[in-house]
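Read through the structure below, which is laid out as C-alpha cells, and then see the notes.
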Amino acid sequence: MPGQIINRGKNTWLVRVYMGTDASGKRRYHNKTVHGTKKDAERYLTGILRDRDLGLAIEDSRLTLQQYMEKWLVEVAKQRVSERVFTDYCKTISRHVYPAIGDKRLSQLKPLDIQMLINDMSQRGIIRTTRYTHMILNQALKQAVKWGMIPRNPAEMVNLPKERRNEMRVMSKDEAKRFLDAAMHDQYYALFALLITSGLRPAEAYGLKWDDVDLRAGKIRIQRSLERRDRVWYLKEPKTPQSRRTVPLPHDVVDALKQYRLEQEQRKLKAGENYHEYGFVFTSENGEPIHHHNLVKRHFKPILRAAGLPEDIRLYDLRHTCATLLLLAGENPKIVSERLGHSSVTMTLDRYSHVLPDMQKSAADKLQNMLFGSE
C-alpha cells in the first residue's frame, strides 16, 4: 500500500506514507496530521508520494515559513517577475512577514497567524502595503499546496482591510478656467493644460516622449509611465492593454505644446553639454525627467494660490476633473473610460458615481423635452 489516510476525528486525518528503510533496515514512515476535508488529505498524500518517487526529501515538518519563502522567492518568483518587482517582494516580506511569523513552521501555519499579521499592519494605517504583503504570501502558499507541502492555503482564509480611496477634489468648470488662466505664464503651462484636458495620470505625462506626440494630427500615444523609487527613476509598461492608448487633444493644448517645445530647444542650447537628452516632453532645466515633488511645490501649489483655489487639490485631481467635466457635459461614459485608460466602463462609472445624479437629471429633462415638450 503506497500510503494511508486514517480518520482521526471530525475534519482530521492522519496521512501515513512508507518511505523505505534506514541503514539498519528499520522501516521509515512519514506521518502528517491534516486538518480539513478528505480531499485535502488526498491532495497532500499525492504530493508526498510524488516527492518520494522523485527522490525528494520530505522536510515539511521542520521547514519554517521564512525558509520556505526564501526558497520560493528564488525558485519561483524570480523566474516570473521583473528584477525590480522581485526586489520589492524581498523587501516587503523581510520587513513585515519574517519578524512577525517567519519562525513559524510552514506545516503549522494557520489562518489566524496570518490574520493577526494583517490586523497589526492594518492598524498601523498601511492598507496598500498590507494588501500587497498578503498578495505575495497568498501566491507563495498557493505554490506550497501545489508542491504537496501543505494541504491548503491558510492565506486564502483571512479577511483583508478595505482599500481606502484618496478623497478626490474635483474642480468646477469655472475653477478649471481660473486654474488655467493662473497657469498661463508658468513654465509648465502645457503640462497642466494637458493633464486637465487629457485625463492622463501624472506619471504617464512624465513618461511621455516627443516620439509619442503627433502635433500635426493633434494626438498623443500613451505607452509608458515614469516612476521613482529610492531616488532612481525608471520607465514602467502600462498595467493593462487599455492603459496603452491614443488621446486626441484640444487645439489650444496642441498650440501650448508647440510653444513649450520651442522653449525647450532654447533651454537645450543654453545648457549645452550639461543637458541630458532622453527624449522626454516634460523635463527639468537640464533635461532630467520631471520630479513630482518639485513640480508640485514650485509650480502647482503657487498656481492654486494665484487662482484662489484650495491647496488640498492634488495634481492627480486634474485627471478627476477632466473625467467629471466630460461626464457632466454628457460625453459617452465609454469614451471617457477610453480616454482615462480604465479597464472597463464600469470602473469609470464606479469611480465617478458622484456625477450620476446629475446625468440622470439631464436624461429626465431630455425625455421631458422629447415627449412632452419643454416645461
Legend entry - Unsatisfied cross-links (Cα-Cα over 30 Å) in the set 173/258; 236/361; 38/142; 39/71; 78/219; 177/270: 236/361; 78/219; 177/270
Inset, instruction - Working from Cα positions, state the angle (0 to 90°, nearest 10) between the long axis of helix 317-328 and the longest principal axis of the chain. - result: 70
Inset, instruction - Find the all-direction average of the projected area of the Cα convex hull for region 1-141, expressing the result in square nanometres with one decimal place. - result: 10.6
Inset, instruction - Under 1.5 on a/c is rounded, so check that first for region 248-297, then, if it is not, pick prolate when a/b is larger than b/c and oblate when it is not; a ≥ b ≥ c are the square roots of the alpha carbon gyration tensor eigenvalues. - result: oblate
Legend entry - Cα radius of gyration and Dmax for region 179-222 (Å): 10.8, 29
Inset, instruction - Quick one: which residues, 5 or more positions from residue 245 or on another chain, have an amide H under 5 Å from its amide H? H modelled 1.01 Å from N in the peptide plane, none for Pro or chain starts. - result: 222
Inset, instruction - Give me 311, 338, 156 ranked fewest to most by other Cβ atoms within 10 Å of their Cβ, as a rough exposure proxy. - result: 311, 156, 338
Legend entry - Reciprocal mean inverse distance between Cα atoms of region 133-232 - Kirkwood radius, Å: 18.2
Legend entry - At 1.002 mPa s and 20 °C, Stokes diffusion of the chain via Kirkwood alpha-carbon radius, µm² per second: 84
Legend entry - ³J(HN,Hα), Karplus 6.51/-1.76/1.60, whole Hz, each residue of region 33-49, x for Gly, Pro: 8, 10, 9, x, 7, 5, 5, 4, 5, 5, 5, 5, 4, 4, x, 5, 5
Legend entry - Inter-centroid distance (Cα atoms) of region 124-181 relative to region 1-52, Å: 37
Legend entry - Mean residue ellipticity (222 nm) of the chain, computed from DSSP H runs ≥ 4 via -39,500 (n - 2.57), nearest 500: -13500 deg cm²/dmol
Inset, instruction - Determine ³J(HN,Hα), in whole Hz, for all residues of region 86-96 in sequence, where each value follows from phi through the Karplus function 6.51 cos²θ - 1.76 cosθ + 1.60 and θ = phi - 60°; x replaces Gly and Pro. - result: 4, 4, 5, 4, 4, 5, 5, 5, 5, 6, 10
Legend entry - For residue 33, residues with placed amide H under 5 Å, excluding near neighbours: 15
Legend entry - Kirkwood-based Rg to Rh ratio, region 3-53, C-alpha trace: 1.04
Legend entry - Long-range Cα-Cα pairs in region 65-157 (distance over 18 Å), rounded percent: 39
Inset, instruction - Any chance you could give the angle, 0 to 90 degrees and rounded to 10, that helix 189-198 forms with the longest Cα principal axis of the chain? - result: 60
Legend entry - Residues 21, 64 arranged by fewest to most Cβ contacts within 10 Å: 21, 64
Inset, instruction - Would you pull out the residues with amide H under 5 Å of residue 64's amide H, same chain only if 5 or more places away, H placed 1.01 Å from N? - result: 106
Inset, instruction - Send over the Kirkwood Rh of region 173-363, from the inverse of the averaged 1/r over different Cα pairs, rounded to one decimal Å. - result: 17.4
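Every number in this text was worked out from the coordinates using simple rules, so none of it is lab data. What you are looking at is a predicted structure, and each value in this text was computed from that prediction instead of being measured. Using ideal geometry, Cβ is built from the backbone for each residue, glycine included, and neighbour counts are taken over all protein chains shown.
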